[in-house]
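The values are calculated or read from the model by the stated rules, or taken from the named source; none is laboratory data. Since the structure is predicted, the reported quantities are computational estimates derived from the model, not experimental observations. Because the Cβ atoms are built from the backbone with ideal geometry, glycine has one as well, and the counts that use them run over all protein chains shown. Note: areas computed on protein heavy atoms with side chains; ligands, DNA, RNA excluded. Shrake-Rupley method; radii C 1.70, N 1.55, O 1.52, S 1.80 Å.
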Amino acid sequence: MTLQIPFENTYAALPERLFSRQKPTPVRSPKLIAYNAALGAELGFKETQDETELAQVFSGSVLPDGADPIAQLYAGHQFGNWNPQLGDGRAVLLGESNGYDIQLKGSGPTPFSRRGDGRAWMGPVLREYVMSEAMHALRVPTTRALAAVATGEEVFRERPLPGAVLTRVASSHIRVGTFQVLAARQDLDGLRALFEFACARHYPHVSDPAEFLQSVIKRQADLVAHWMSFGFIHGVMNTDNCTISGETIDYGPCAFMDEFHPGKVFSSIDRNGRYAYGNQPDISVWNMAQLATALLPLEDNSDSAVAQFTDVVHNMPDLIRTAWRNRFAAKLGIAKPAQTDEQLISRLLSIMTDKRSDFTNTFRSLTEDTWQITELTSSTEWPAWLEDWQTHLEAQPEDPKEIMSKANPVRIPRNHNVEAMIKKAVDGDYGPFFALNTALSKPFERSSEFQRYTLPPQPEETVTQTFCGT
């Protein structure tokens, strides 16, 4: 084999009750759809240019030298309901390279599959590839896409669909649910081993569980504020989809808003709006409370630890609020935001809600001084808001347009473009997939070549529901 991956297998050295050793299941006729060569170079791969070999490795048909594949165990709260055992039901971790996990998704059944087939169809694979790489280009902490491979096999959902495998890269796949499963089983030795591993990998400065909790909370607060600033809705913020590293993970029913509304929901399974756009900060706090509960056994569940952990979690809303204010102030060109700027931001969002304004294009129009041709000007609240905003900008020395141009993208992965790309790919045409990836790779740069990706959907193109990747 000419593809050389400098594997480490540190997670596989943890107690075996944290995972199950599981080789991926070979596929019939693997064919490479895409390979992220730049990411492979960052991971230290000595790569081959042989697409056949890449397809074999990243479909799971050939196990690369040095890999020690495992399926990880975790539990989680799903839509607030406790599930005592989940785990990788259709994924295996091959190992780590240069400090990053390399995982195959859709690589066959595992002991955690719960009667599932362990496979993935092409739509969710290409959706996660596009979405995660777009998020990376937007500078949002995220897992990455290394490769997508067509399997040459069909998977059966409501109908036969072409199968595919995604290779996902992450700082780690340790989740809140990974801690929860050990705490629920009262496995103190396993919990301590996981805690020490997570600290060494992500927070080497941390010395105790309270400091660890505080560090994770800080990253999660920054992450959810970053999501909000781009109109992103994760769609399934279960504790098993919440990483200790602070990276966005599991792009199932996620979506970027077109028309702004704080109550916007896209996920077909979120019937009560638990994970609506405007609820994401509160859910992030709720998830961190579950992490705090899982960490308490490391402190013998003492009253002082409960009080300390409670204070840490209760401080999180202020962290989110500050991060949110900083992100949205930058979108308005304000370099050093104060609490008084929150009212200015909220007033604009209220106008946008009333006028059903496109989230991305509204902020970009303010950046490029083209707001005169938007629906904002028809609001009776607009003249007063515009005057107040300009007063804010006059009071600072920094160039507001330079600040705004770095905070307000021209292009996002709009739902209708993603769905159109998937439809073409299922029919064997990957051209729209590559074109969309290219357009989204430089989201802050205006380009006439990619103008069509800036347009909101026509009424007949509007996507109102997204679905979990299965």
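So which residues in the stretch 23-61 are in a loop (DSSP other than H, G, I, E, B), open to solvent by 10 Å² or more (accessible area, probe 1.4 Å) and modelled with pLDDT under 95?
Within the stretch 23-61, the subset in a loop (DSSP other than H, G, I, E, B) is 23-30, 36, 43-45, 47-50, 60-61.
Then drop every residue that is not open to solvent by 10 Å² or more (accessible area, probe 1.4 Å), which leaves 23-30, 36, 44-45, 47-50, 61.
The answer is Arg28, Gly44, Phe45, Glu47, Thr48, Gln49, Asp50.
Look at Ile403 and say whether it is among the hydrophobic types (A, V, I, L, M, F, W, C), more than 29 Å from Val236 (Cα to Cα) and assigned to a helix (DSSP H, G or I). Let's see the steps before the verdict.
Details: among the hydrophobic types (A, V, I, L, M, F, W, C): yes; more than 29 Å from Val236 (Cα to Cα): yes; assigned to a helix (DSSP H, G or I): yes.
When the stated conditions are applied, Ile403 passes them.
Look at the stretch 277-307 and say how many of its residues are buried (at least 18 other Cβ atoms within 10 Å of the Cβ) and over 25 Å from Asn81 (Cα atoms).
1
If Val265 meets every condition in (1) assigned to a helix (DSSP H, G or I); (2) surrounded by 19 or more Cβ atoms within 10 Å (Cβ to Cβ); (3) of a type in the set (A, V, I, L, M) apart from one, which number is that one?
If we test Val265 against (1) assigned to a helix (DSSP H, G or I); (2) surrounded by 19 or more Cβ atoms within 10 Å (Cβ to Cβ); (3) of a type in the set (A, V, I, L, M), just (1) comes out false.
Somewhere in the stretch 134-144, is a residue within 21 Å of Tyr430 (Cβ to Cβ) and in a strand (DSSP E or B)?
Yes.
Please enumerate the residues belonging to the stretch 112-149 that are open to solvent by 10 Å² or more (accessible area, probe 1.4 Å) and either under 21 Å from Gln22 (Cα atoms) or among the hydrophobic types (A, V, I, L, M, F, W, C) (or both).
Hits for the stretch 112-149 are Phe112, Ser113, Arg114, Arg115, Gly116, Asp117, Arg119, Trp121, Ala137.
Suppose we filter Ser346, Ser365 for residues that are under 27 Å from Asn415 (Cα atoms), outside any loop (DSSP other than H, G, I, E, B), open to solvent by 10 Å² or more (accessible area, probe 1.4 Å) and without any contact (Cβ under 8 Å) to a residue 12 or more places away in the chain; which single one remains? Spell out how you get there, then give the answer.
Details: Ser365 fails: open to solvent by 10 Å² or more (accessible area, probe 1.4 Å).
Result: Ser346 is the single residue among Ser346, Ser365 that is under 27 Å from Asn415 (Cα atoms), outside any loop (DSSP other than H, G, I, E, B), open to solvent by 10 Å² or more (accessible area, probe 1.4 Å) and without any contact (Cβ under 8 Å) to a residue 12 or more places away in the chain.
Here are the criteria: (1) under 22 Å from the mean Cα position of the chain (by Cα); (2) under 27 Å from Asn81 (Cα atoms); (3) open to solvent by 10 Å² or more (accessible area, probe 1.4 Å). Tell me which single one Ala193 does not satisfy.
(1)
Those residues that are in a loop (DSSP other than H, G, I, E, B), within 24 Å of Ala38 (Cα to Cα) and either modelled with pLDDT under 95 or open to solvent by 50 Å² or more (accessible area, probe 1.4 Å) (or both), I need them from the stretch 419-446; list them, please. I'd like the intermediate steps shown before the answer.
Taking the stretch 419-446 as the starting set, the residues that turn out to be in a loop (DSSP other than H, G, I, E, B) are 427-430, 441-446.
Retained after the next criterion (residues that are within 24 Å of Ala38 (Cα to Cα)): 429-430, 441-446.
Once the filter is applied, which keeps residues that are in a loop (DSSP other than H, G, I, E, B), within 24 Å of Ala38 (Cα to Cα) and either modelled with pLDDT under 95 or open to solvent by 50 Å² or more (accessible area, probe 1.4 Å) (or both), the stretch 419-446 yields Asp429, Tyr430, Ser441, Lys442, Glu445, Arg446.
Please enumerate the residues belonging to the stretch 150-174 that are within 22 Å of Gly95 (Cβ to Cβ) and either open to solvent by 30 Å² or more (accessible area, probe 1.4 Å) or touching a Gly at 6+ places or on another chain (Cβ under 7 Å) (or both). Step through it out loud before you land on a result.
Residues of the stretch 150-174 that are within 22 Å of Gly95 (Cβ to Cβ), as a first pass: 151, 164-174.
Across the stretch 150-174, the qualifying residues are Thr151, Ala164, Val165, Leu166.
Taking into account only those residues within the stretch 349-362 that are on the phi < 0 side of the Ramachandran plot and charged (D, E, K, R), which is least open to solvent (accessible area, probe 1.4 Å)? Quick ask: steps written out before the conclusion?
Let us first name the residues in the stretch 349-362 that are on the phi < 0 side of the Ramachandran plot, namely 349-355, 357-362.
Going one step further and asking which of them are charged (D, E, K, R), we end up with 354-355, 358.
Working: Asp354: 110, Lys355: 62, Asp358: 20 Å².
Ranking the candidates gives Asp358 first.
Looking at Leu376 and the list (1) part of a helix (DSSP H, G or I); (2) free of Cβ contacts under 8 Å to residues at least 12 places away in the same chain, which single condition is not satisfied?
(2)
Could you go through the stretch 234-255 and let me know if any residue there is over 20 Å from Gly76 (Cβ atoms) and either among the hydroxyl-bearing types (Ser, Thr, Tyr) or surrounded by 19 or more Cβ atoms within 10 Å (Cβ to Cβ) (or both).
Pass one, the stretch 234-255, residues over 20 Å from Gly76 (Cβ atoms): 255.
If we keep only those that are either among the hydroxyl-bearing types (Ser, Thr, Tyr) or surrounded by 19 or more Cβ atoms within 10 Å (Cβ to Cβ) (or both) as well, we get 255.
Yes; the residues of the stretch 234-255 include at least one that is over 20 Å from Gly76 (Cβ atoms) and either among the hydroxyl-bearing types (Ser, Thr, Tyr) or surrounded by 19 or more Cβ atoms within 10 Å (Cβ to Cβ) (or both).
Applying the selection to the stretch 208-235, what residues are in contact with a Ser or Thr (Cβ under 6 Å, 6 or more places away or on another chain) and not in a helix (DSSP H, G or I)?
Narrowing the stretch 208-235 to residues in contact with a Ser or Thr (Cβ under 6 Å, 6 or more places away or on another chain): 220, 224, 235.
Answer for the stretch 208-235, where residues must be in contact with a Ser or Thr (Cβ under 6 Å, 6 or more places away or on another chain) and not in a helix (DSSP H, G or I): just Gly235.
Which members of the stretch 326-343 meet the condition of being part of a helix (DSSP H, G or I), crowded, with 21+ Cβ neighbours inside 10 Å, of a type outside the set (A, V, I, L, M) and in contact with a Pro (Cβ under 9 Å, 6 or more places away or on another chain)?
Quick first cut of the stretch 326-343, residues part of a helix (DSSP H, G or I) only: 326-331, 341-343.
Among the residues that remain, those that are also crowded, with 21+ Cβ neighbours inside 10 Å are: 328-329, 331.
Going one step further and asking which of them are of a type outside the set (A, V, I, L, M), we end up with 328, 331.
The one that is part of a helix (DSSP H, G or I), crowded, with 21+ Cβ neighbours inside 10 Å, of a type outside the set (A, V, I, L, M) and in contact with a Pro (Cβ under 9 Å, 6 or more places away or on another chain): Phe328.
Take Gly252 and tell me if it is at pLDDT below 95 and on the phi > 0 side of the Ramachandran plot.
Considered against the rule, which asks whether it is at pLDDT below 95 and on the phi > 0 side of the Ramachandran plot, Gly252 comes out as no.
With Gly163, Gly89, Gly152 as the choices, which residue is touching a strand residue (DSSP E or B) at 6+ places or on another chain (Cβ under 9 Å), more than 20 Å from Phe197 (Cβ to Cβ) and assigned to a loop (DSSP other than H, G, I, E, B)?
Values: Gly163 fails: assigned to a loop (DSSP other than H, G, I, E, B); Gly152 fails: assigned to a loop (DSSP other than H, G, I, E, B).
Result: Gly89 is the single residue among Gly163, Gly89, Gly152 that is touching a strand residue (DSSP E or B) at 6+ places or on another chain (Cβ under 9 Å), more than 20 Å from Phe197 (Cβ to Cβ) and assigned to a loop (DSSP other than H, G, I, E, B).
Does Val410 fit the bill of being in contact (Cβ under 8 Å) with a residue 12 or more places away in the chain and open to solvent by less than 20 Å² (accessible area, probe 1.4 Å)?
Details: in contact (Cβ under 8 Å) with a residue 12 or more places away in the chain: yes; open to solvent by less than 20 Å² (accessible area, probe 1.4 Å): yes.
Against the criterion (in contact (Cβ under 8 Å) with a residue 12 or more places away in the chain and open to solvent by less than 20 Å² (accessible area, probe 1.4 Å)), Val410 qualifies.
Is it true that some residue in the stretch 299-318 is under 30 Å from Leu386 (Cβ atoms) and touching a residue at least 60 places away in the same chain (Cβ under 8 Å)?
For the stretch 299-318, residues under 30 Å from Leu386 (Cβ atoms) and touching a residue at least 60 places away in the same chain (Cβ under 8 Å): absent.
Among the candidates Thr110, Thr2, which residue alone is under 24 Å from the mean Cα position of the chain (by Cα), β-branched (Val, Ile, Thr) and part of a loop (DSSP other than H, G, I, E, B)?
On the way: Thr2 fails: under 24 Å from the mean Cα position of the chain (by Cα).
When all the criteria are applied, what remains is Thr110.
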